[in-house]
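**Student:** Before we start, here is the structure in question, set down as C-alpha cells.
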Amino acid sequence: MTVLSDAKPAATPNLTKLRVKGFFSRVPVIIGSVIILTVVVFAVAAPLIAPYDPAKQDVVARLQPMSAEHWFGTDGLGRDVLSRLIFGSRTSLLVGLFSTLVAGCFGMAIGLIAGFVGKWVDSIMMRVMDALMSIPIIILALFLGAVLGRGLGNIILCLGIVMTPSYARVTRGQVLSVKQLDYVTAARVSGGTGLKTVVHHIFPNCLAPNMVLATMNLGVAILVEAALSFLGMGIAEPTPSWGGMVSQGKDVLTTAPTMAVAASLFIVITVWAFNVVGDAVRDLLDPRLRGAL
Amino acid sequence: MAGYVLRRLGQSVVVLLLVTLMVFFTMHALPGDPVTIFLGTTATPEQIAHYTEVFGLDQPLIVQYVKWLAGLAHGELGQSIALSKPVGEVLPGRIVVTLSFTLPALVLSVLVGTTLGIWSAMRRGRLADSVISAVASFGVAAPAFVIGILLILLLGVQLKWLSISGYTPITEDPVAGIKKLVMPVIALSFGQVGMFTRQTRSAMLEVIGQDYIRTARSKGLKEKTVIVAHALRNALIPIVTLMGMSIGGLIGGTVLIEQLFTMPGVGSLLMMSIMNRDYMVLQNIVFFIAAAVLAANFLVDILYGYIDPRIRLVRK
C-alpha cells in the first residue's frame, strides 16, 4: 500500500504577486504611480483640498507672488493659482480618460470591421485612417476643435477622433492574425455567425494590446488638451485647465512668473508619470510590444 | 523595387485625395461665415452677397471642391479672403519663417538625440546613463510651449540674453536673426531629442548584445568602428522610422512655437485662418502639411531598403 507523505508540496509562486512585485520594482514607476494617485485624489476631492474657490475673483489681490496665503500666488483676476491647478487636474484627467475611451471604442470598432470583413471595406477604412494620421495630431485637433466647439464634451470627442487611427491599426493587425487561427475557423464552421465570432472569439483577443495603447495614450491626450487650451481652442474659461493657465501666465511672465511655471510643471510631471506607468503596464501585459507602440 | 515605389506612391496619392475630401467638407462645417467675418458686422446683405459671389462661395460645395483640386494641379492656390491676396503669394514667405527654425530643430534632434542615445547605451547602468534617461523621459513629457515658457523666463526675463519674441530674417540681420531663432529651435527640439535618445538607446542595447558585435570586437576592431559601422548601422531602422514620425510632431509643434514667440510662420497663419474661417488658406495649409508628412514617410520607406538590403529583397 502506498503511503502518502504528509509533507506539503512546495508552494508554487503566485504569478500575480510576482507580476505586481516586478511592476513596482523600478523607482520611477513607484514615483509615477504616487504622482498619478495624487492627481486622481486632487481631481476627485478638489473641493475639499483646494484652499479657495477656483472661480472666486479678488481684484485687490491680483498677481500676488507666492505666500503662505496663496502658495502659488494669484492670477490676473486675483484667483488662487493652487486652487485652479487642483481643479485643473479634473479637466486633464476627464479629458485624458474619456478621450482615450472614445478613441478605443471607435478604433476597435473600425479595426474589427476592417480586419474581419477585409477586401474593399478594409482598404477604404484603413486609407481613411492613414489620411487622419497624415495630419499632425495638434493640427487635426485644432481643426476638429474649431468645428465642434470648446465644451468639455466636444474636446473629448475631438481628441477621441484624433487618437482613433492608432487603435484601429492595432486592432486590425490583431484581428488579421487571430482570424487565421483554428479555433476561429472551427467557430465559423460550427455555424457561428460573423458577428458572434467577432464578439466572442476575436474581440477578447484585441483587448490586451489596446489596453496597453490606452495606458500609453493617456499622457498624449493630456498633452494635446493642454496644447489646445494654450492656443485658446481648448476648455473655455472660467473652467480651469493647465494649458490655459500657462497661456494666461505667459502674458504676465515678467511680473508674475509663478502661474506659468507651476502650471507647466503640473503638465510635465503628470504626463511623465503617465508615460512611465504606461511603459511599465506595456512591459507587464505584453513584453513583446516593447518599442513597437 | 520600382514596382514597390510606384505602389507606395499610388497609395500616398489616394491618401492625399482623402485628406482633401475630409479637410474641404469638414472645413465647410465650421460655424461662421468667412465673408461676414471679413466685412464686419456693419456689412449690408448686398455687400455680403456680392463678396460671397466674388470669392465663389455661392457655388455648390462639390463645384468649389473640384475647382480647388483643379487649381492645385495647376499651382493655383486661390484667394485668401482675410488677407485679400492670392494664397500663392502669402504661403512662400510664411514657409521660409517656419523652415528657419523647424529644419535646425530637426537636425539638432537627430544629432543630439542619437549621440546621447549611443553614449547612454555604451554606459548602461552607470550614473551618466541614468541621468540621460531621466532627462530624456522628462523631455518626452514636456510640450514645446512649456519648454519655451521656461526658456523665455530664464534666457529672456532673468538673464536678458535673448529677446522673448519676434522674428528677424537672417538675410536682413544675421546676428539678430539667429539670436531670435535660438529659443524656438531649443523649445521645438527638446522633446524630439528625448525621443531620439530613448529610441537610439533602446535600439543600440538590442544590437550590442548580438554575436556579430562580439565577433567584431574579438577580431580587434576599434570600439569606434564597432559602434559606428556595425552597431549603429543595424540600429538605424527604428531611428529612421522615428525621423519620419517626428516630421509630423515638429510641424504640429510649430503652431505652438509661433504663437508663443509671435513668429509670422505657417503655424500662426493656420491659427489666423481658423479664426477668420479663411477657407482657401486653411485647406491649402492642411493639404501641404499632410503632403509633407506623407512624403517624409515615403522617403523613410525607401530608405529602409538602402539601410537593410534584406528589406529590398523581400520587396522584390
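The values are calculated or read from the model by the stated rules, or taken from the named source; none is laboratory data. As the structure is a prediction and not an experimental result, all values here were calculated from the model. Neighbour counts run over all protein chains shown; Cβ positions are idealised from the backbone, glycine included. These area figures cover heavy atoms from the full protein model, side chains too; ligands, DNA and RNA do not enter into them. Shrake-Rupley method; radii C 1.70, N 1.55, O 1.52, S 1.80 Å.
**Student:** Springs between alpha-carbon pairs under 10 angstrom, Gaussian network model over chain A: which of A:120, A:71, A:242 fluctuates most?
**Tutor:** Of A:120, A:71, A:242, the most mobile in the Gaussian network model is A:120.
**Student:** Please list the non-local residues whose amide H lies under 5 Å from the amide H of residue B:78, H modeled 1.01 Å from N, same-chain partners needing a gap of 5 or more.
**Tutor:** Under 5 Å from the amide H of residue B:78: B:87, B:88.
**Student:** Does region A:88-147 classify as rounded, prolate or oblate by the C-alpha gyration tensor (a ≥ b ≥ c root eigenvalues; a/c under 1.5 gives rounded; else a/b over b/c gives prolate, otherwise oblate)?
**Tutor:** Oblate is the answer for region A:88-147, as a/c is 1.5 or above yet b/c matches or exceeds a/b.
**Student:** Now for a different question. Using a 10 Å cut-off on Cβ atoms, rank the peptides A:187-199, B:176-188 from the highest mean neighbour count down.
**Tutor:** The most tightly packed comes first, giving B:176-188, A:187-199.
**Student:** A further question on this structure: Placing unit charges on C-beta atoms (Lys and Arg positive, Asp and Glu negative, everything else neutral), compute the dipole magnitude of region A:7-161 about its Cα centre in debye, rounded to 20. Before the final figure, lay out the partial values.
**Tutor:** Working: 13 positive and 7 negative charges, 132 e Å.
With Lys and Arg at +1 and Asp and Glu at -1, about 640 debye.
**Student:** Where does helix A:119-133 land angle-wise versus the long Cα axis of chain A, in degrees 0 to 90, nearest 10?
**Tutor:** Once rounded, the angle reads 20 degrees.
**Student:** Roughly how many Å² is the accessible area per residue of region B:142-246, as a whole number, for a 1.4 Å probe?
**Tutor:** On a per-residue basis, 50 Å².
**Student:** Give me the mean projected area, in nm² to one decimal, of the convex hull enclosing the Cα positions of chain A.
**Tutor:** 23.4
**Student:** Any idea what the dipole of chain A comes to, in debye rounded to 20, about its Cα centre with Lys/Arg Cβ at +1 and Asp/Glu Cβ at -1?
**Tutor:** Working: 22 positive and 15 negative charges, 177 e Å.
I would put it at about 860 debye.
**Student:** Only helical DSSP H runs with n ≥ 4 go in: add -39500 (n - 2.57) per run for the protein assembly as shown, normalise by residue count and round the 222 nm mean residue ellipticity to 500 deg cm²/dmol.
**Tutor:** -24000 deg cm²/dmol
**Student:** Moving on. Post the alpha-carbon centroid distance, region B:105-163 to region A:225-273, in whole angstrom.
**Tutor:** 21
**Student:** Please compute, for peptide A:254-260, the average count of beta-carbon atoms on other protein chains lying within 10 Å of each residue's beta-carbon.
**Tutor:** Per residue, the number of nearby Cβ atoms from other chains is 3 on average.
**Student:** Along region A:197-206, what does the Karplus equation 6.51 cos²θ - 1.76 cosθ + 1.60 (θ = phi - 60°) give for ³J(HN,Hα), rounded to whole Hz, x for Gly and Pro?
**Tutor:** Per-residue couplings from phi come out as 4, 5, 5, 8, 10, 9, 3, x, 6, 8 Hz.
**Student:** Which whole number gives the average count of other chain Cβ atoms within 10 Å of the Cβ atoms across peptide B:14-24?
**Tutor:** Numbers: counts 5, 9, 3, 2, 8, 6, 1, 2, 6, 4, 0.
Mean inter-chain Cβ contacts per residue within 10 Å come to 4.
**Student:** Going by a 1.4 Å probe on protein heavy atoms, which residues of region A:119-162 end up with at least 40 Å² less accessible surface in the whole assembly than in their chain alone?
**Tutor:** Going by heavy-atom accessible area, the residues of region A:119-162 that drop by at least 40 Å² are A:127, A:131, A:134, A:135, A:136, A:138, A:139, A:142, A:143, A:146, A:147.
**Student:** Then there's this: Counting partner chain Cβ atoms within 10 Å of every residue's Cβ in B:134-144, what's the average? Provide the component values of the computation, followed by the final result.
**Tutor:** Values: counts 2, 0, 0, 6, 5, 2, 6, 13, 8, 13, 3.
The per-residue average across the peptide is 5.
**Student:** Of all the accessible heavy-atom surface of region A:79-155, with the other protein chains kept in place and a 1.4 Å probe, what percent is carbon and sulfur?
**Tutor:** C and S fraction of accessible area: 77 percent.
**Student:** Let me make sure I get this right: for chain B, a, b and c are the square roots of the gyration tensor eigenvalues over alpha carbons, sorted descending. Under 1.5 in a/c it's rounded, otherwise prolate if a/b > b/c, else oblate. Which is it? Before the final figure, lay out the partial values.
**Tutor:** Working: a/c = 3.09, a/b = 1.61, b/c = 1.91.
Cα axes put chain B in the oblate bin.
**Student:** Using each residue's phi in region A:148-159, evaluate 6.51 cos²θ - 1.76 cosθ + 1.60 at θ = phi - 60° and report the 3J(HN,Hα) Karplus result to the nearest Hz, with x for Gly and Pro.
**Tutor:** My calculation for region A:148-159 gives 7, x, 9, x, 4, x, 5, 5, 4, 5, 4, 5 Hz in order.
**Student:** Something else about it: Using the 2.2 N^0.38 Å rule of thumb for compact globular proteins, work out how region A:78-198 stacks up: its C-alpha Rg over that value, please.
**Tutor:** Against the compact-globule rule of thumb, the ratio is 1.38.
**Student:** For region B:185-253, what relative contact order do you get, as a whole percent, if you take Cα pairs closer than 8 Å and at least 6 residues apart? Walk me through the intermediate numbers first.
**Tutor:** Working: 32 pairs, mean separation 30.9, N = 69.
Normalised by residue count, the contact order of region B:185-253 is 45 percent.
**Student:** Which of the helices in chain B meet the span-like rule: DSSP H, Cα axial reach of 27 Å or more, Kyte-Doolittle mean at least -0.5?
**Tutor:** B:2-27, B:87-122, B:174-208, B:233-260, B:279-307
**Student:** According to the square roots a ≥ b ≥ c of the eigenvalues of the Cα gyration tensor, what is the shape class of the protein assembly as shown, taking rounded for a/c under 1.5, prolate for a/b larger than b/c otherwise, and oblate for the remainder?
**Tutor:** Rounded is the answer for the protein assembly as shown, as its axis ratio a/c remains below 1.5.
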